[in-house]
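These notes concern the structure reproduced below.
Derivation of every value follows stated rules applied to the coordinates shown; laboratory data play no part. Bear in mind that the values here come from a model prediction, so they are computed numbers and not experimental data. No Cβ is skipped: glycine too gets one built from the backbone with ideal geometry, and neighbour counts run over all protein chains shown.
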Amino acid sequence: MFIEQPPSWFRRLMYTDSFWRIPSQPKCVYLTFDDGPTPEVTPWVLDVLKKYGVRATFFCVGDNVARYRPLFEQIKAEDHHVGNHTMNHIVAFKYGKKAYLANVEKANMLIQSQLFRPPHGWLRWGQARLLQKKYRIIMWDIVTRDYSSRLNAEEVYQNVVRKTRNGSIITFHDTTKSWHNIQEALPRSIEWLLEQGYLFKRL
């Protein structure tokens, strides 16, 4: 589907200076998690990553960081990278440039990262231009859609298998909305990626 792996024309049209995929040799992937941290799911995700020796990048919601600061510090202490996902997971199209940037900056006071991913992957042109003066905007090559109630764990896993390529930025979610899928799909996906010889890099 379109959202799972946006076509090249869409990437060029929307945000030309954003990062969707970063190929390298030897081949690699970038595992990312959105919307956390959450006490129900993030600790389990960290345990899975530790089990397989994988490092990832977590795009955190500022409000969750404020609520669960020790968990946010644990993410960093376990050698993962963090990024900004706005303060309140706001939808860009509902805000003007200044209001949206103010929300991002409020989150950054807590998160302190030059990496930014817009919730739902949407930005207005003016918002993107302002953000690019300070942040690297990170999009995705694959959204697993682990959050979808219409997909099961096998389908989420197959999204990874079918669409991963060298340099893919792969997005899961460390929140309760993904729990019905991620508990099976994440370990299977990591095992498959390792079997295929992919290295895991952080953004």
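Once you have the Cα-Cα distance between Ser8 and Ile22, take 0.36 nm times their residue separation minus that, and quote the gain in nm to one decimal.
Numbers: separation 14, 0.36 × 14 = 5.04 nm, distance 1.37 nm.
Full-extension gain reported as 3.7 nm.
Got a sec? Charge dipole of the stretch 83-203, +1 on Cβ for Lys and Arg, -1 for Asp and Glu; which of Gly126, Thr86, His180 is way out at the positive end?
Gly126
I need the calculated FRET efficiency for the pair Tyr95 and Glu195, taking r as the beta carbon distance and R₀ as 41 Å, to the nearest 0.05. Numbers along the way, then the final one.
Details: r = 43 Å, r/R0 = 1.05.
Plugging the Cβ-Cβ distance into 1/(1 + (r/R0)^6) gives 0.40.
Which residue fluctuates most in the GNM of the chain (Cα springs below 10 Å): Ile22, Ile170, Ile138?
In this elastic network of the chain, the residue with the biggest mean-square fluctuation among Ile22, Ile170, Ile138 is Ile22.
If you take every DSSP beta bridge whose two residues both sit in the chain, what share of them, in percent to the nearest 5, is antiparallel? The partial results should precede the final answer.
Numbers: 1 of 23 bridges.
In the chain, approximately 5 percent of DSSP beta bridges are antiparallel ones.
Just want to confirm a number: the relative contact order over the stretch 20-97, from Cα pairs under 8 angstrom separated by 6+ residues, in percent.
This gives 32 percent for the stretch 20-97.
Before anything else, pin down the relative contact order of the stretch 114-183: Cα pairs under 8 Å, at least 6 apart, normalised by residue count, whole percent.
Details: 73 pairs, mean separation 23.2, N = 70.
Result for the stretch 114-183 is 33 percent.
Shape of the stretch 136-203 from its Cα gyration tensor (a ≥ b ≥ c, root eigenvalues): rounded if a/c is under 1.5, otherwise prolate when a/b > b/c, or oblate? Walk me through the numbers before you get to the answer.
On the way: a/c = 1.83, a/b = 1.27, b/c = 1.43.
Oblate, since a/c reaches 1.5 and b/c is not below a/b.
What is the set of long-range amide H partners of Val54 at a cut-off below 5 Å, with H atoms built 1.01 Å from backbone N?
Under 5 Å from the amide H of Val54: no residue qualifies.
Quick check: pseudo-label points 7 Å beyond the Cα along Cα→Cβ at Asp47 and Trp179, how many nm apart are they?
Inter-label distance under the simple model: 1.3 nm.
Estimate the FRET efficiency between Lys133 and Asn166 by the formula 1/(1 + (r/R0)^6), using the beta-carbon distance for r and 25 Å for R0, to the nearest 0.05.
Numbers: r = 30 Å, r/R0 = 1.20.
Computed FRET efficiency for Lys133 and Asn166: 0.25.
Given a cut-off of 24 Å, name the pairs among Lys134/Lys201; Lys106/Lys134; Lys27/Lys177 whose C-alpha atoms lie farther apart than that in the structure shown. Before the final figure, lay out each step's value.
Working: Lys134/Lys201 22 Å; Lys106/Lys134 14 Å; Lys27/Lys177 31 Å.
Flagged as over cut-off: Lys27/Lys177.
Work out the FRET efficiency for Gln112 and Glu154 from their Cβ-Cβ distance, taking R0 = 30 Å, and round it to the nearest 0.05. Please report the intermediate quantities before stating the final value.
On the way: r = 38 Å, r/R0 = 1.27.
Between Gln112 and Glu154 the formula returns 0.20.
Run the numbers on the chain and let me know its relative contact order in percent, using alpha-carbon pairs under 8 Å that are six or more apart. Intermediate results must be reported in sequence, preceding the final value.
Details: 380 pairs, mean separation 66.8, N = 203.
Relative contact order for the chain comes out at 33 percent.
Given the rule -39500 (n - 2.57) for each run of at least 4 DSSP H residues, summed and divided by the residues of the chain, what is its mean residue ellipticity at 222 nm, to the nearest 500 deg cm²/dmol? Spell out each step's value before the answer.
Details: 8 runs with 83 residues, N = 203.
Theoretical 222 nm ellipticity from helices: -12000 deg cm²/dmol.
Does the stretch 38-147 come out rounded, prolate or oblate by the C-alpha gyration tensor, with a ≥ b ≥ c the root eigenvalues, rounded set by a/c under 1.5 and, if not, prolate when a/b is larger than b/c and oblate if not? Can you show the working numbers first?
Numbers: a/c = 2.00, a/b = 1.68, b/c = 1.19.
Cα axes put the stretch 38-147 in the prolate bin.
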